[in-house]
Amino acid sequence: DSSDVTEVENYTKNKYAEPNSKLFGVAKEKNIIKIHLESFQSFLIDYKLHGEEVTPFLNSLVHDQSKNFTYFDNFFHQTEQGKTADAELILDNSIYGLPQGAAFVTKGKNTYQALPAILDQQQGYTSAVLHGDKRSFWNRDEIYKQFGIDKFFDSSYYDMSEDQVINYGLKDKPFFKESIPLLESMEQPFYSHLITLTNHHPYLIDEEDATIEPAETGDPSVDRYFQTARYLDESLEQFFNDLKEAGLYDDSVIMIYGDHYGISENHNNAMEQLLGEEITPFKNAQLQRVPFMIKIPGVEGQGINHEYSGEIDVMPTLLHLMGIDAQNYIQFGTDMFSKDHKDFVIFRNGDFVTPKYTSLGGTYYDNSTGEEIEETEQMKELKETVRHELELSDKLLFGDLLRFYTPTDDWKPVDASDYMYGKDAT
Ligand code: GP9
Ligand code: MN
């Protein structure tokens, strides 16, 4: 009931980090282009296979200062069984996914106060998700309505002929190509989210799309991972060029993130060959880094930012860039550009990472050596905070508590019946 939501509100208001005054509101009413890199782990950045960069384009965004991106190299995914759907939930709501199953499926009718709805109500944004798969996958066509997403350009909007499709759906190159006119059709300012697909397990690729030789570990999906990652990298470069041509590049916020790991622990053997080191539980936790990169119009890129952060922190960061105070909303993350940003990163199972140490199943490891260390009083307290934070997030979802919460005086609850998706529906 409403006393439960007050408990959550007190916690998140207390965790809140004040905006960085230099960046507050700098991206107000700018278009936002958010790009989901499927199954993309940070170890691919600058990785060389057969002496070749796997992702030269993404690497150039990290290293070429003139491109004005900021790359967070200590950013972690926080997903569980909901995989892509968990990443979407966390990024657009700053709440955690569920310990089991996917909230997208089991909590698809809940009340949410998601980023697309807030941007619409505060600054008149329209919103869209673009994705070359059927709209019912992960129950997207139900929960997106609760998020206030205006348009869902699913596979019914794309040319899904056989030569354009592989694995789960549309290949990334035609996906980005055909997304340009869809973006151009949108009323501005818009918040758009493009979800890629080709770099998905088991990493299938047509011969004509493979521009790097596979790895040679003998583990076929791992070996192909580099080929689909290269294809994704090329598709992104093509998209950037097309955005520039369409006049949508310069004045837009462009945000790129990896949703979750691509190589699971079942492939440690192959990973050991590729990285030349043992994949211990500590090392595996470090491998849960995924890229987060952002370009903000009129703001100089910072190059590499080493702040420890996770998917939960994206929404408050964006709100502050838009000039909307995140404190009014229930959010478990904090602004990544704030000097008060909370730099402990929580995994869904209660493990967590800080800049100095990593906590895994009750054992602590020194980040600089990977060696086990003794628990201190401070570590114990943080472990309890982590447990409590996850518990509150679960309470919020299981009790559908946002029904009882009014973030601002002018907030209007989202009415799912206002939204309808699919080419035939419009
Ligand atoms: C399906 C795609 C894949 O539409 O987003 O989801 P995943 O299997 O990565 O959760
Ligand atoms: Mn995914």
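Structure notes:
- Residues of the chain: accessible area per residue with a 1.4 Å probe, Å²: 39
- Percent RCO, i.e. relative contact order, over the chain, from Cα pairs under 8 Å lying at least 6 residues apart: 30
- Just the protein heavy atoms count here, and of the accessible area of the chain at 1.4 Å, carbon and sulfur take up 44 percent.
- Local net charge near PHE137, Cβ-Cβ under 12 Å (Lys/Arg +1, Asp/Glu -1): -1
- Using θ = phi - 60° and Karplus 6.51 cos²θ - 1.76 cosθ + 1.60, couplings along region 71-83 (whole Hz; Gly, Pro as x): 10, 8, 8, 10, 9, 10, 7, 10, 7, 10, 5, x, 6
- Check: region 111-151 dipole with +1 on Lys, Arg Cβ and -1 on Asp, Glu Cβ, in debye: 100
- Backbone amide hydrogens, once placed in the peptide plane, bring GLY258 within less than 5 Å of LEU37, excluding anything fewer than 5 places away on its chain.
- Here the relative contact order of region 319-426, from alpha carbon pairs under 8 Å that lie six or more residues apart, stands at 16 percent.
- Within region 125-166, backbone nitrogen closer than 15 Å to the virtual label 7 Å beyond the Cα of GLU208 toward Cβ: 161-166
- Three-way shape label, region 1-130, alpha-carbon gyration tensor, a/c 1.5: prolate
- J(HN,Hα) series, region 50-59, from Karplus relation 6.51 cos²θ - 1.76 cosθ + 1.60, nearest Hz, glycine and proline x: 6, x, 10, 5, 7, 10, x, 5, 4, 4
- Taking amide hydrogens as placed 1.01 Å from N in the peptide plane, the amide H of TYR364 sits under 5 Å from those of ILE373, each at least 5 positions away in sequence or on another chain.
- Normalised contact order of region 322-364, rounded percent, pairs of Cα under 8 Å and 6 or more residues apart: 19
- A prolate overall shape is assigned to region 266-336, the ratio a/c of its alpha-carbon gyration tensor axes (a ≥ b ≥ c) being 1.5 or greater and a/b exceeding b/c.
- Integer Hz, Karplus 6.51/-1.76/1.60 couplings in order for region 366-380, x for Gly and Pro: 6, 4, 7, 10, x, 7, 5, 10, 6, 6, 9, 4, 5, 5, 4
- Between region 383-401 and region 330-376, the alpha-carbon center distance in angstrom: 17
- Summed side-chain charge close to ASN199 - residues other than ASN199 whose Cβ falls under 11 Å, Lys, Arg +1, Asp, Glu -1: -1
- Amide H to amide H, with H built 1.01 Å from N, ASN31 comes under 5 Å of PHE190, VAL253, counting only residues 5 or more places away or on other chains.
- Residue among SER252, PRO281, HIS267 farthest towards the positive dipole end of region 240-290, charges placed on Cβ: PRO281
The values are calculated or read from the model by the stated rules, or taken from the named source; none is laboratory data. Fair warning: this is a prediction, and the values are worked out from it, not measured in the lab. Note that we place each Cβ from the backbone using ideal geometry, even for glycine, and neighbour counts take in every protein chain shown. The protein model used for the area step is the full one, side chains on, heavy atoms only, and it has no ligands, DNA or RNA in it. Shrake-Rupley method; radii C 1.70, N 1.55, O 1.52, S 1.80 Å.
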